[in-house]
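Where a number appears in this text, it was derived from the coordinates with a stated rule and is not lab data. Not measured: the values here are computed from a predicted model. Counting neighbours? That spans all protein chains shown, and the Cβs are built from the backbone with ideal geometry, glycine included.
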Amino acid sequence: MDRSLSSRLCAVRPLDQTIIQQARNRWNAIAKPLGGLGLLEDAVVQIAGITGDAQISLEKRACVVLCADNGVVAEGVTQTGSEVTAVVAENFARGETSACMMAKVANCDLLPVDIGVARDLQGGLLRHKIAYGTGNIAVGPAMTQEQALDAVCFGIDLVGELKQKGYRILATGEMGIGNTTTASAVASVLLGKSPALMTGRGAGLSSDGLRRKIGAIERAIEANQPDPDDPIDVLSKVGGLDIAGLCGLFLGGAVHRLPVVVDGVISASAALAAVRLCPEAAGYPLASHLPEEPAGRPLLDALGISPVISAGLRLGEGTGAIAMLPLLDMAVAVYRGMRTFEQIQIDGYQPLE
């Protein structure tokens with residue numbers, strides 16, 4: 001492993017099991033049926049284990065949206081052209097996307113990042129442009145290993161900077177025409193499954209378009225021969241700059257003990273790359289919703305996380321991860337505010353035999 005990356009990852013430790021038990025005990029003491037809030041209870045317990053603090057606070061939050069272009073668009077794998085990436089990225093800066101509208105309701109800051117858009121952008125984006133888009137994975141590597149490492153290390157360090165600014169939880173988002181193709185390619189390699197099983201219609205492909213997309217991924221894997229045991233190799237050969245940066249965000253969550261929420265299939269592929277790169281980071285990615293793309297469920301299963309929301313969401317941009325935040329707010333309100341069985345002087349529920 002690259003020395004600069006390994007030096008960052010040496011701080012990663014497993015979730016704090018003592019704090020996890022404290023949080024579970026708190027839930028079980030609250031005057032309500034045991035496990036009554038289901039996966040929301042599990043999410044709060046997970047957050048306690050991540051942060052090492054059973055007193056949960058999620059008051060300051062952000063959705064980090066990584067924007068980058070993908071050369072594989074040249075293979076006819078998308079309904080729209082790459083120029084849309086820049087347009088939408090600038091709309092993020094103006095607060096004019098679906099994710100922006102949802103983030104306002106969720107009291108969530110939205111932080112768009114140009115990590116690899118194919119042209120220079122106007123407006124208030126954070127800029128860490130590693131390249132003007134990636135190469136066409138169907139004929140060669142997406143990027144160099146150095147570029148992939150740059151993106152991953154940037155993501156890790158960004159989490160640290162945001163934690164220093166007082167953020168308590170991050171949602172992940174992305175914008176990049178063609179990135180369901182790269183995400184499916186990453187998922188195919190990491191999960192050892194055929195592209196035909198891992199690839200869906202993305203933002204809306206015809207049956208012919210879907211066949212072209214599957215074929216492009218098959219050619220990408222054949223041409224580049226990514227090593228499934230080396231996530232940096234996979235990201236550099238068949239991934240994207242947005243996915244590599246997202247991988248860094250998830251690793252940063254483990255390094256800096258900050259909850260980071262998985263959105264859809266693109267961020268889920270990045271989360272799996274993160275855990276494969278640093279097994280000690282397992283248990284840190286926080287699930288939001290069940291992605292509609294075929295790779296969604298297998299990726300979450302491989303991560304060992306269960307989605308709270310099953311609503312057929314497929315918009316991207318971080319919208320599913322943002323939608324998770326108000327649900328967490330409600331769960332934390334119960335967790336922190338409810339009186340216990342002992343306080344109201346009634347017998348508590350007993351676990352089922």
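Among Glu174, Glu146, Glu218, the largest mean-square fluctuation in a Gaussian network model of the chain (Cα springs under 10 Å) belongs to Glu146.
What number comes out for the charge environment of Val260, summing +1 per Lys or Arg and -1 per Asp or Glu over other residues with Cβ under 12 Å away? That sum, taken over residues with Cβ under 12 Å, equals +3.
Computed from label points 7 Å out along Cα-Cβ, the spacing between Lys165 and Ala196 is 4.7 nm. The Cα atoms of region 21-166 cover 58, 33, 32 Å along the three principal axes, with the biggest extent listed first. For the options Met175, Met330, Met143, a Gaussian network treatment of the chain with springs between C-alpha atoms closer than 10 Å singles out Met330 as fluctuating the most. Charged neighbours of Cys100, selected by a Cβ distance under 15 Å, balance to -3 (K, R count +1; D, E count -1).
Taking every DSSP helix (H) stretch of at least 4 residues in the chain, weighting each as -39,500 (n - 2.57) and dividing the sum by the residue count yields a mean residue ellipticity at 222 nm of -15500 deg cm²/dmol. Counting only C-alpha contacts under 8 Å and six or more residues apart, can you give the relative contact order of the chain as a whole percent? Contact order relative to length: 24 percent. Each residue of region 265-282 is assigned a 3J(HN,Hα), and the resulting list reads 5, 5, 6, 5, 5, 5, 5, 5, 4, 4, 5, 5, 6, 9, x, 5, 7, 4 Hz, derived from the Karplus form 6.51 cos²θ - 1.76 cosθ + 1.60 (θ = phi - 60°), x at Gly and Pro. Derived scalar couplings between HN and Hα for region 2-19 equal 3, 5, 5, 6, 4, 5, 6, 7, 5, 7, 6, 10, x, 4, 6, 5, 5, 5 Hz in order, rounded to whole Hz, by the Karplus curve 6.51 cos²θ - 1.76 cosθ + 1.60 (θ = phi - 60°), x for Gly and Pro. Backbone amide hydrogens, once placed in the peptide plane, bring Ala171 within less than 5 Å of Ala62, Cys63, Val64, Val261, excluding anything fewer than 5 places away on its chain.
Hey, how much of the P(r) for the chain falls beyond 35 Å, as a percent of Cα pairs?
On the way: 12565 of 62128 pairs.
Everything past 35 Å amounts to 20 percent.
What pairs from Lys32/Lys60; Lys104/Lys165; Lys60/Lys129; Lys163/Lys213; Lys129/Lys213 go past 31 Å between their alpha carbons? Correct reply: Lys163/Lys213.
Please compute the length gained on full extension between Ser306 and Asp227, using 0.36 nm multiplied by the number of residues separating them and subtracting their Cα-Cα distance. Present the calculation step by step, with values, prior to reporting the outcome.
Details: separation 79, 0.36 × 79 = 28.44 nm, distance 2.75 nm.
Here the segment from Ser306 to Asp227 would lengthen by 25.7 nm.
Kirkwood radius, region 214-314, all distinct C-alpha pairs, inverse of mean reciprocal distance: 13.8 Å.
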